[in-house]
Every structure is written in structure tokens, then in C-alpha cells.
1. Answer rounded, prolate or oblate for segment 68-126, using the Cα gyration tensor with square roots of eigenvalues a ≥ b ≥ c: rounded when a/c is under 1.5, else prolate when a/b is larger than b/c, else oblate.
2. Using the Karplus equation 6.51 cos²θ - 1.76 cosθ + 1.60 (θ = phi - 60°), what ³J(HN,Hα) coupling, rounded to whole Hz, does each residue of segment 109-115 give in order, writing x for Gly and Pro?
3. For the chain, just the Cα atoms, rotate onto the principal axes and tell me the three extents in Å, largest first.
4. Quickly work out the residue 110-to-residue 33 label distance, labels modelled 7 Å from Cα along the C-beta direction, and quote it in nm with one decimal.
5. Hey, can you rank 26-35, 72-81, 87-96 by average C-beta count inside 10 Å, highest first?
6. Please calculate how many Å² of accessible area segment 8-127 carries per residue, with a 1.4 Å probe and no DNA, RNA or ligand atoms counted.
7. Once neighbouring chains are kept in place and the probe is 1.4 Å, which whole percent of the accessible area of the chain is contributed by carbon and sulfur?
Amino acid sequence: LFRSAFTAKIPGLLTVPPRGYEFVKEIAPEPGDLLLPKNQASAFFGTPLASHLVQMGVDTVVVVGCTTSGCVRGTAVDANAYNYKVVVPEDAVYDRSPTSHAVNLFDLAHKYADVITVDETVALMPK
């Protein structure tokens, strides 16, 4: 089993049972959705995500998930570095520490992303 520096710090990632990777019904992928496995905190690092977004003409990235201080932050910072407008719905991200969650949302909002609610994010999307 391949152990990267990332999985070496978080060895539990290698022992998550398959059920832990299943999508809940409300956000399950639909036919035609693109799924890109990632092995690092950022969804951009080591994946073809940026190429797909360019091909699709995307200008805004909405980052959700966990953890706020890890994968969410890494993806948001990289999206900003690629010059995407970045939105982080604060009620669609999570961190194991409320303090870390709050500090990272504060920092993201002041440097890299618009941190708003899910309802505000949905209202920005084309109808």
C-alpha cells in the first residue's frame, strides 16, 4: 500500500472501510458527473481537476467537505492560486476542532475565498 507524506501523518485514511467513502443520497453523483480521486489535501494537487475546469469554462469553485483546516483550505488556496473565484459555504465544511474551524474560515475569508452560507451560495448560482 502506497504511503505518501500525507497518509503518513494521517494513517487512518488507509484503514477507512469502503462504507466510509460512500456518498449520502442527497449528494450522490449523478450519471455524467466527474469523480476525481485525490491523494493529497488539495483537490488540485496531482489530479487533472484544473484541466477539466478550464475545458468546462468554469470561473468559480465552491469548496465543501472536511476538514476546514486541511482539505478545504488546501483546495481553496490552490483554486485561488489558479485564479478561480472561490466560495466556501461555512455551513458545508467541518473541522474536528471548533477553534481550528473558525480560525481557518476567518483566514480564508480574508485572503482566498468568499465565506458565506449554503443558502447564499445557492442564490448565486445560475437558475
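The values are calculated or read from the model by the stated rules, or taken from the named source; none is laboratory data. Computed from a predicted model, the values in this text were never measured in an experiment. Note: ideal-geometry Cβ built from the backbone for every residue, glycine included; neighbour counts use all protein chains shown. Each accessible area value is taken on the protein alone, full model and side chains, heavy atoms only, with ligands, DNA and RNA left out. Shrake-Rupley method; radii C 1.70, N 1.55, O 1.52, S 1.80 Å.
1. On the way: a/c = 2.02, a/b = 1.19, b/c = 1.69.
The shape class here is oblate.
2. Going residue by residue, I get 5, 8, 10, 10, 8, 8, 9 Hz, with x marking Gly and Pro.
3. Reported extents, whole Å, longest axis first: 42, 38, 30.
4. 3.5 nm
5. On the way: 26-35: 7.0, 72-81: 22.1, 87-96: 17.9.
So the order, starting with the most tightly packed, is 72-81, 87-96, 26-35.
6. Details: 8200 Å² over 120 residues.
On a per-residue basis, 68 Å².
7. Details: 5310 of 8820 Å².
Of all accessible area on the chain, carbon and sulfur atoms account for 60 percent.
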